[in-house]
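The values are calculated or read from the model by the stated rules, or taken from the named source; none is laboratory data. As the structure is a computational prediction, the values presented were derived from the model and not from experiment. Glycine gets a Cβ as well: all are built from the backbone with ideal geometry, and neighbour counts include every protein chain shown.
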Amino acid sequence: MKIYLCAIVLSLFIGSKIECREKILLESSKTVQSTKKSADLVEKKTNWKDFTYNSVEEKLFWQAIPEWPKVKTFELQRLGEKGVAIDEKSTDGYNGYAKCRHFIKNREVRTIYHFKNGWITRSKSWYHNGLQQSEINYFKGKRVSGEIWLENGKTITIDYDSISKPEKSEDAH
């Protein structure tokens, strides 16, 4: 059961193509009738004011955070103030928050990232409607643990180290 849940989580979250751009082309689902042509591509522009916020203070907080739309990945690298990769020995590592909008499985998500000395330490994502999508903890840019909230309200807790390492059998010597 544990391996099955990990596979679901990996396909839902890790394996999804995540890109941070202001314009995103979404191809209509391949399960829909194959008669649809390239004209069915939809251009979707996202805007921070279109998200659902829980309070005026929360909205102001999000508006004050720098957006890094051109950063392709926040993991496994140190970043400087504008989201540019920096050398591991650099003293210019970013400290603070950055935000990004992206799509996971054709659903718009907003994410806030926390950085310390250029390394991502935590990320939280919310669906367009304001419901939380995920919370991930990092060490030196590598995912170590997290939770994902499914649309049905269930939570999946993830230990990323156990995903990459096979479980030890009690029969093994």
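Couple of notes before you dig in:
- Any hit, the stretch 106-126, residues being modelled with pLDDT under 95, more than 20 Å from Asn95 (Cβ to Cβ), among the hydroxyl-bearing types (Ser, Thr, Tyr) and within 12 Å of the chain's Cα centre (by Cα): yes
- Filtering the stretch 110-118 for residues that are among the basic types (Lys, Arg), under 25 Å from Phe51 (Cα atoms) and either out of contact with any strand residue (DSSP E or B) (no Cβ under 8 Å at 6 or more places or on another chain) or free of Cβ contacts under 8 Å to residues at least 40 places away in the same chain (or both) leaves an empty set.
- Residue in the stretch 52-72 that is closer than 23 Å to Tyr160 by Cα and modelled with pLDDT under 90 present: yes
- Gln33 meets all of the listed conditions (1) at pLDDT 50 or above; (2) more than 17 Å from the chain's Cα centre (by Cα); (3) among the polar types (S, T, N, Q) but one, namely (1).
- Some residue of the stretch 75-96 being in contact (Cβ under 8 Å) with a residue 40 or more places away in the chain and within 13 Å of the chain's Cα centre (by Cα): yes
- Residue in the stretch 80-105 that is nearest to Glu67 (Cα to Cα), counting only those that are at pLDDT 90 or above and aliphatic (A, V, I, L, M): Ala98
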